[in-house]
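Trainee: Let me begin by handing over the structure; questions about it come next.
The values are calculated or read from the model by the stated rules, or taken from the named source; none is laboratory data. Keep in mind it's a predicted model, so treat the numbers as computed, not measured. Using ideal geometry, Cβ is built from the backbone for each residue, glycine included, and neighbour counts are taken over all protein chains shown.
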Amino acid sequence: MDRNGMAVVARLRGVTKTLGGRPVLNAISLEVRAGEVTALLGPNGAGKTTTVGVLTGRFAPDAGEAELFGLDPGRPAARARIGVVLQSAGLPDVLTVRELVSLHSGYYRRPREIHETMALAGLEGLEKRRAGALSGGQLRRLHYALAICGQPDLLVLDEPTTGLDHEARRRLWSSVRAEADAGTAVLLTTHYLEEADALADRIIVIDDGRIVADATPSGIKADVAGSTIRCRTMLPDPALAALPGVRSVRRSGGAATLLVADGAVAARALLGADPSVSDLTISAASLEDALGDLSATIRKAA
Amino acid sequence: MENALARPAGVFARESVAELRKNLRLPQFALPTILTPALFYGLFAVMLNKAGPGAAAYSLATFGVFAATGPALFGFGAGVAVERENGLIELKRVSPLPAGAYICAKLVSAGAMAALALAMIYALSLIGGVRLPPEQWALLVIVHLLSVIPFALLGFAIGMRVGAKGAIAAANALYLGFSILGGLWMPITILPGWMQQAAWLTPSFHLGQIALSTIGVPPQGSAPWHVAALVFITAAAAWLALRGWRRSPA
């Protein structure tokens, strides 16, 4: 049990991993708790999939410790309690949806009824369809069905909604939410901020193999609450950074993006310093801006 | 803590049934490996045979080994490589399925395909006039079915190391190479001297000689030697296969 009274089902402590000579994870520490959806959020190549690989026993850490239900994740007794959706995994084209769900249900001690799994994954009516004849979205749902069919205590979803349309994504979210509300620990990786924001109780931001932030969605937003100013200006970056309340400055093309504590104060100062400013917009900082800011801060500190 | 593992016996059986289903629904894979040995045997040992039932019995022993190599090399070598590349093995490995069940299912299915191919050869041999005492038949069937194991292990070792395309090419090369060098199509005495020496390195040669000795044909060299060599080759293949499984990140 941790301080919130939720059981910790999976834990990494100072995990470092090098794959193919490239350092992928750098001293990653995290906890996944029962009844919570934990989102591992970060850009492609940040180390999300490798983190999942260490937690599910596919990779042994080079340094640090990985624990799954208090056991080494490579142990079959630990794997017996997890369900996993991998980012990409082929299924035998010639087996039917029902055959595959029934086969995987048989791997677990207390599987769900097949029809219940079908309903939860939104696969009703597709039972007799062969896996090779499914659309991309249906195939993702089948993978989800294989992950939940055993009523796992930990559900691991690596980019579960990639390739799903809006409607299917919403359905999957509510199904994942229901699993967590029933006490399952859920760990999902995503590069969609919207997904992490909508679904997660906790967001762990990972970038370049390091954990950049670990907080609730609102906590992460509060850390960097403020406004975003976008404009075209002749001022150099150091001059922009010296304006009141500016946290970060980024450039793309001719436009500058400033993350600031108070939009109105910074905008007045900006107009005072450079009367030729054009295309000026002020908006509330999005989670995306906030995370970009966090990553940049960490990089500077490193 | 309560044991959360599913009952292994059921898992092994269900995985094997699923694997058999996969094979039977992919006739483009299953048919060539089942039909090729029967076609070769029927043509060379029965239809074009001018030397009588003795020659047909000799060929029956060696072609039976040939019939076992196809499903074993292709099912394991190519099959495992494809399933490793597309991520299915990774999915099995993060699931609670015991690793042994995946391998056992593949072995059962290769054995079943080999049994079908063998049944066709046996039927053809009866048509060709081959008559053996029941105890010789029994021993021959056992040797033929056990032939699947060394080839399956070799195929598995290849499949865990090589990509899908490379594994198919390697399986084809071994399929032909083992058949010719092992004397499965014709006695190796008609081959050049260096090829006759290379034959001793192949599991097919030893299996062919053991199969021949079960029907009373004296083997080249001594039978215990062939058994010892085969055990050694099989153990080496098993070691390579296990290392490939452990090392592969996928």
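Trainee: Please enumerate the residues belonging to region A:75-122 that are more than 9 Å from chain B (Cβ to nearest Cβ), within 17 Å of B:Leu91 (Cβ to Cβ) and out of contact with any strand residue (DSSP E or B) (no Cβ under 9 Å at 6 or more places or on another chain).
Mentor: Selection gives A:Val101, A:Ser105, A:Thr117, A:Ala121.
Trainee: Name the helices (runs of 4 or more DSSP H) wholly inside region B:97-207 in which the number of residues that are farther than 30 Å from A:Thr56 by Cα, touching a residue at least 40 places away in the same chain (Cβ under 8 Å) and under 14 Å from the mean Cα position of the chain (by Cα) is 1 or more.
Mentor: Where helices (runs of 4 or more DSSP H) fall fully within region B:97-207 and carry at least 1 residues being farther than 30 Å from A:Thr56 by Cα, touching a residue at least 40 places away in the same chain (Cβ under 8 Å) and under 14 Å from the mean Cα position of the chain (by Cα), they are B:99-127, B:134-146, B:148-159, B:164-181.
Trainee: When region A:52-66 is examined, which residues are found to be of a type outside the set (Gly, Ala, Ser) and either within 14 Å of another protein chain (Cβ to nearest Cβ) or on the phi > 0 side of the Ramachandran plot (or both)?
Mentor: Those that are of a type outside the set (Gly, Ala, Ser) and either within 14 Å of another protein chain (Cβ to nearest Cβ) or on the phi > 0 side of the Ramachandran plot (or both): A:Val52, A:Val54, A:Leu55, A:Thr56, A:Arg58, A:Phe59, A:Pro61, A:Asp62.
Trainee: Being in contact (Cβ under 8 Å) with a residue 24 or more places away in the chain, under 21 Å from B:Arg161 (Cβ atoms), of a type outside the set (A, V, I, L, M, F, W, C) and within 14 Å of chain A (Cβ to nearest Cβ), is that true of even one residue in region B:17-26?
Mentor: Scanning region B:17-26, I find no residue that is in contact (Cβ under 8 Å) with a residue 24 or more places away in the chain, under 21 Å from B:Arg161 (Cβ atoms), of a type outside the set (A, V, I, L, M, F, W, C) and within 14 Å of chain A (Cβ to nearest Cβ), so the answer is no.
Trainee: A further question follows. Test A:Leu164 against the criterion of being in a strand (DSSP E or B) and surrounded by 15 or more Cβ atoms within 10 Å (Cβ to Cβ), and give yes or no.
Mentor: So A:Leu164 does not fit the description; no.
Trainee: Suppose we filter region A:98-143 for residues that are small (Gly, Ala, Ser) and in a helix (DSSP H, G or I); how many remain?
Mentor: Selection size over region A:98-143: 9.
Trainee: Taking A:Ala39 as meeting all but one of (1) within 14 Å of chain B (Cβ to nearest Cβ); (2) modelled with pLDDT of 90 or more, write down the number of the exception.
Mentor: (1)
Trainee: Of the numbered conditions (1) without any contact (Cβ under 8 Å) to a residue 12 or more places away in the chain; (2) out of contact with any Gly (no Cβ under 8 Å at 6 or more places or on another chain); (3) closer than 30 Å to B:Ala18 by Cβ; (4) part of a loop (DSSP other than H, G, I, E, B), A:Ala77 fails exactly one; give the number of that condition.
Mentor: Of (1) without any contact (Cβ under 8 Å) to a residue 12 or more places away in the chain; (2) out of contact with any Gly (no Cβ under 8 Å at 6 or more places or on another chain); (3) closer than 30 Å to B:Ala18 by Cβ; (4) part of a loop (DSSP other than H, G, I, E, B), only one is false for A:Ala77: (4).
Trainee: Return the residues of region A:134-173 that are free of Cβ contacts under 8 Å to residues at least 40 places away in the same chain and either of a type in the set (Gly, Ala, Ser) or touching a helix residue (DSSP H, G or I) at 6+ places or on another chain (Cβ under 6 Å) (or both); say none if nothing qualifies.
Mentor: Scanning region A:134-173 gives A:Ser135, A:Gly136, A:Gly137, A:Arg141, A:Thr161, A:Gly163, A:Leu164, A:Trp173.
Trainee: Select from region B:1-39 the residues that are among the hydrophobic types (A, V, I, L, M, F, W, C), touching a helix residue (DSSP H, G or I) at 6+ places or on another chain (Cβ under 7 Å) and at pLDDT 85 or above and list them in ascending order.
Mentor: Once the filter is applied, which keeps residues that are among the hydrophobic types (A, V, I, L, M, F, W, C), touching a helix residue (DSSP H, G or I) at 6+ places or on another chain (Cβ under 7 Å) and at pLDDT 85 or above, region B:1-39 yields B:Val11, B:Phe12, B:Ala18, B:Leu20, B:Leu24, B:Ile34, B:Ala38.
Trainee: Follow-up. Hey, among the residues in region A:204-246 that are in contact with a strand residue (DSSP E or B) (Cβ under 8 Å, 6 or more places away or on another chain), surrounded by fewer than 18 Cβ atoms within 10 Å (Cβ to Cβ) and modelled with pLDDT under 85, which one's farthest from A:Pro275 (Cα to Cα)?
Mentor: Going through the qualifying residues, I end up with A:Asp223.
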